[in-house]
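In what follows, a single structure is set out as structure tokens and then discussed.
The values are calculated or read from the model by the stated rules, or taken from the named source; none is laboratory data. Computed from a prediction, not measured in an experiment: that's the story for all the values here. Cβ coordinates were reconstructed from backbone atoms using ideal geometry, including for glycine residues, and neighbour counts include every protein chain displayed. With ligands, DNA and RNA removed, areas are computed over all heavy atoms of the protein, side chains included. Shrake-Rupley method; radii C 1.70, N 1.55, O 1.52, S 1.80 Å.
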Amino acid sequence: MFNKTVFIPPELPIYPLRRQIVFPHASFPLLVQEQGMSPVEAALAGEHLLGLVPVLSDEKTRGLHEFNHIGTACRITQIFRFPEGGAKVMLEGLVRIQLLSALRKTPYVTATVKVLSDPPTRGPIADALTQSVKALLKVALAYGRPLAADLAKLLNQISEPGELADLVAVYLTLDYADQQRLLDILQPLERLKEIYLLLTAEVQKLQLQGEVQSEVAKRIGRNQKEYLLREQLKQIQSELGDDDPQQAELNKLRRTLEEAGLPEEVATVADRELERLARINSSSPEYTVARTYLECLGNLPWNRSSEDILDIHRAQEILNEDHYNLTEVKERILEFLAVHSLKKSLKGPILCLVGPPGVGKTSLGRSIARAMGRKFIRISLGGMKDEAEIRGHRRTYIGAMPGRIIQEISRAGTRNPVFMLDEVDKIGQDFRGDPASALLEVLDPEQNDTFTDHYLDVHFDLSEVLFITTANVMDPVPAPLRDRMEVLRLSGYSDQEKQQIVRNYLLPKQIEANGLREHPLDFEDAAIYKMIREYTREAGVRAIDRRMAAVCRKVAREITQGAPERRCITAEDVQTLLGPRRYYLDVAAEEDRVGVATGLAWTETGGDIIFIEASRMVGRKELWLTGSLGEVMRESARTALSYVRGHCGEFNIETDFFEQSDLHIHVPAGAIPKDGPSAGVAIATALVSLLTGCPARRKVALTGELTLSGRILPIGGVKEKVLAAHRAGATTVLLPASNADHLRDIDETIRGELRLVLVSSMKEVLSEALVELPEVKMRYHPGDRPLFPSNASP
């Protein structure tokens, strides 16, 4: 036992304890960092006495209010200093202390303290509680709870309840909150009662652990007994000619593989795996891996195909029934069926449907499968980053499984489904591989007849699968993958086409979906056009579908509330039900302005109009380009400026207009990235309008790539751009003459409502785009060098 007659001075240096409790009557080490050595050094300079008090927060202490009110006075018995600073200090707990007031706060806390000695406790209750705690300690030792020999001897000699409670608290593995609660209990008998309860819980936990260990030992013995009995049962069944469960499972697997019609190469692998499986104990993890692999082989449709419906007229009726227009895609499917009817053995094509959202790419895949009488499979590739999603995991990995291609074909149960790979332009890649590269083998008709999944590790024929991929844009698709696919472009719909789709497809669907079958509802054409033009702005029909659904829901609500039933929705009803219009005709709402030209752009959501603004200010021959323009579009702007400077005399523009000026070209909206060469004509038109003061016609939409000599080169996305101009209210569209063949893709109704002008030079563009042409003459200033004609060289 420790010396109880040590004198504790009224003032002590205080060392803050964080997440640690020190009890009296116990020896313990304390690791002190270099910055915390100040109170230790002060104690060593005096009587080696130090106060250890828990702090209430982990932050730096600034006063006594951050300390617990009870701590422990300790004596430093040894100190081992570290070369890098700090020390290991051996301490001996003496007695509880109470902090009264702080005498110093820096560099360490010194406080006046009050010694809280345990009062003498005698009596039958104290004796009985002491004996009970010692008995519980012996039980804990019996269950294997470790206790140092010197500590066990010391505990037997202690008769004071308070001292016994403090030593047992050190022995128990208590959490911080329980330790602090015991430190704050000043009455020895109450402290020992708390220890008795905690020790009882510890003994009960040790008893439960002992029972669990005993049960585990019994179970291990029982498993060994079961193994011996099973071996004896096998021998008995062998003598009687009966199969054991494992053998029955193997026979079932063998029958499944025989019925699957495996190719010779695959059958050899399956037989080898079956022989290996027969030698593996059924309780081994390897048994489950091998059995799952064989089940996967047996479930694949090696020779099961669905019979194609080769009736061309019926297939055409189904395609027209499900989708309006989309002539190019429908013709390609009918061509495939026609060739298939003449040649039975035919590899499936690899089609890629490219178009803005909402034009029916995904639903077209289902329609194609229905028209051909095939199963339909769809997986989304958007955000896929793991190559194993396509090619599977090797069987050496835990939890390995085939890739999505093999999994979906196995579920379909046929080797020639229509397989749609959705959002092929949104595949990602990271350290786990590149799924787009894994698709190269899948989507190559010359290779996919020997497709090898990493999990199967045998060839599987995908050549009869009709693969259809979808994308909004083809730019993100790697060139090798793009080369393997036959790209079919689905342009946006005109207002007339949308009206037909709404009346023939969307309206019946929404009437059925909203329970209006018994309450027939019709829409006037004017109401449909109003919804299309004033409540949607898209290339597809998703938004108009949502607007139709909203109208049907409101009508259903009116019916259930007993309001007069609507039989036909008029244009006035649309505004009543859907509220104020959301979109306006961008071009029609504006007036002709100087330096502002109407351009046309192609985006992944279809065509769109852009307003190109040009401004001139005093400066130093700088060209400012804003509006999130890509590098190609920036080059188009520089080309347009060079063309205007080289031909300024033809447009009555001063030859030195750029000497003391800056030009600023802006393309709203600034937050949307823009790129491409087709804005060159519109930029040049805006510059000529600015420099001549001639307003540009707002309702004339322009597109085309401009060269330095003033020629207009062809562009892409003609149909999408023309539809965007029509939606925006333009009356005239200027297109490169080289794109004349693309006009046949535009609906006749659109061609009747728009004036489509083919241009081959910038002069033709300006004659249509500007309100009035500037006088064509040359103006020279004295000292200016003459400008060369556009077809000459200096």
Seminar exercise, completed: Log entry, pairs with first residue in the range 263-286 being within 21 Å of GLU226 (Cα to Cα), second being in a helix (DSSP H, G or I) and among the small types (Gly, Ala, Ser), beta carbons closer than 9 Å, six or more apart or on different chains, reads ILE280/ALA290
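The rows are residues; the columns are (1) at pLDDT below 85; (2) under 33 Å from the mean Cα position of the chain (by Cα); (3) β-branched (Val, Ile, Thr).
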position	(1), (2), (3)
GLN496	yes, no, no
GLY515	no, no, no
MET531	no, no, no
ILE559	no, no, yes
For this session: Go through PRO695, PRO677 for me and flag whichever is out of contact with any His (no Cβ under 6 Å at 6 or more places or on another chain) and more than 20 Å from PRO736 (Cβ to Cβ).
Result: PRO695
Problem set entry | Residue tally, condition more than 43 Å from the chain's Cα centre (by Cα), among the small types (Gly, Ala, Ser) and assigned to a helix (DSSP H, G or I), over the range 669-726 | 1
For this session: Look at LEU189 and say whether it is part of a helix (DSSP H, G or I), at pLDDT 75 or above, in contact with a strand residue (DSSP E or B) (Cβ under 7 Å, 6 or more places away or on another chain) and farther than 21 Å from GLN204 by Cβ.
Result: no
Problem set entry | Unique match (being at positive phi and modelled with pLDDT under 85) among LEU346, LEU337, LEU326, LEU310 | LEU326
Problem set entry | Among residues of the range 115-139, those that are touching a strand residue (DSSP E or B) at 6+ places or on another chain (Cβ under 7 Å) and open to solvent by 50 Å² or more (accessible area, probe 1.4 Å), counted | 2
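Table: residues versus (1) in contact (Cβ under 8 Å) with a residue 60 or more places away in the chain; (2) part of a helix (DSSP H, G or I); (3) over 23 Å from THR112 (Cβ atoms); (4) of a type in the set (A, V, I, L, M).
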residue: LEU12; (1), (2), (3), (4): yes, no, no, yes
residue: PRO16; (1), (2), (3), (4): yes, no, no, no
residue: PRO29; (1), (2), (3), (4): yes, no, yes, no
residue: GLN35; (1), (2), (3), (4): no, yes, yes, no
Seminar exercise, completed: Here the residues within the range 263-291 that are under 26 Å from ASP449 (Cβ atoms) and either open to solvent by 30 Å² or more (accessible area, probe 1.4 Å) or of a type in the set (Gly, Ala, Ser) (or both) are PRO263, GLU264, GLU265, ALA267, THR268, ALA270, ASP271, ARG272
Exercise. Could you say whether any residue in the range 593-606 is closer than 23 Å to PRO357 by Cβ, in a loop (DSSP other than H, G, I, E, B), of a type outside the set (Lys, Arg) and open to solvent by 30 Å² or more (accessible area, probe 1.4 Å)?
Worked result: yes
For this session: Mind listing whichever residues of the range 66-98 are of a type in the set (D, E, K, R) and in a strand (DSSP E or B)?
Result: ARG75, ARG81, LYS88, GLU92, ARG96
Exercise. Looking at the range 353-383, which of its residues are surrounded by fewer than 23 Cβ atoms within 10 Å (Cβ to Cβ) and among the basic types (Lys, Arg)?
Worked result: ARG366, ARG370, LYS375, ARG378
Problem set entry | the range 146-181 - residue that is closer than 21 Å to ARG18 by Cβ, assigned to a helix (DSSP H, G or I) and open to solvent by 30 Å² or more (accessible area, probe 1.4 Å) and, of those, modelled with the lowest pLDDT | VAL170
Exercise. If you check ASP434, ASP444, which single one turns out to be more than 23 Å from LYS344 (Cα to Cα), touching a residue at least 12 places away in the same chain (Cβ under 8 Å), surrounded by fewer than 20 Cβ atoms within 10 Å (Cβ to Cβ) and out of contact with any His (no Cβ under 7 Å at 6 or more places or on another chain)?
Worked result: ASP434
Exercise. Only one of these conditions is not met by THR106: (1) of a type in the set (Val, Ile, Thr); (2) under 30 Å from TYR196 (Cβ atoms); (3) without any contact (Cβ under 8 Å) to a residue 12 or more places away in the chain. Which number is it?
Worked result: (2)
For this session: Would you check which residues across the range 541-589 are surrounded by 13 or more Cβ atoms within 10 Å (Cβ to Cβ) and among the acidic types (Asp, Glu) and list them?
Result: ASP545, GLU558, ASP573, ASP586
Problem set entry | Residue satisfying condition, being crowded, with 17+ Cβ neighbours inside 10 Å, touching a residue at least 24 places away in the same chain (Cβ under 8 Å), among the β-branched types (Val, Ile, Thr) and under 24 Å from PRO402 (Cβ atoms), within set ILE350, ILE318, ILE333 | ILE350
For this session: Exactly one condition in (1) at pLDDT below 90; (2) farther than 26 Å from GLU273 by Cβ is not met by GLU387; state its number.
Result: (2)
Exercise. Quick one: would you say GLU538 is of a type outside the set (Gly, Ala, Ser), without any contact (Cβ under 8 Å) to a residue 12 or more places away in the chain and either surrounded by fewer than 17 Cβ atoms within 10 Å (Cβ to Cβ) or closer than 30 Å to PHE467 by Cα (or both)?
Worked result: no
Exercise. Give me the pairs: first residue in the range 741-753 and among the acidic types (Asp, Glu), second residue open to solvent by less than 90 Å² (accessible area, probe 1.4 Å) and modelled with pLDDT under 80, beta-carbon distance under 6 Å, and six or more apart or on different chains, which are they?
Worked result: ASP747/SER494
For this session: Starting from the range 287-313, keep only residues that are touching a residue at least 12 places away in the same chain (Cβ under 8 Å) and under 15 Å from LEU456 (Cα atoms), then list their pairs with residues that are part of a helix (DSSP H, G or I) and charged (D, E, K, R) whose Cβ atoms are within a distance under 6 Å, requiring at least 6 positions of separation or different chains.
Result: ALA290/GLU273; LEU294/GLU273
For this session: Determine, yes or no, whether ARG634 is over 37 Å from the mean Cα position of the chain (by Cα), more than 24 Å from CYS694 (Cβ to Cβ), charged (D, E, K, R) and open to solvent by 40 Å² or more (accessible area, probe 1.4 Å).
Result: no
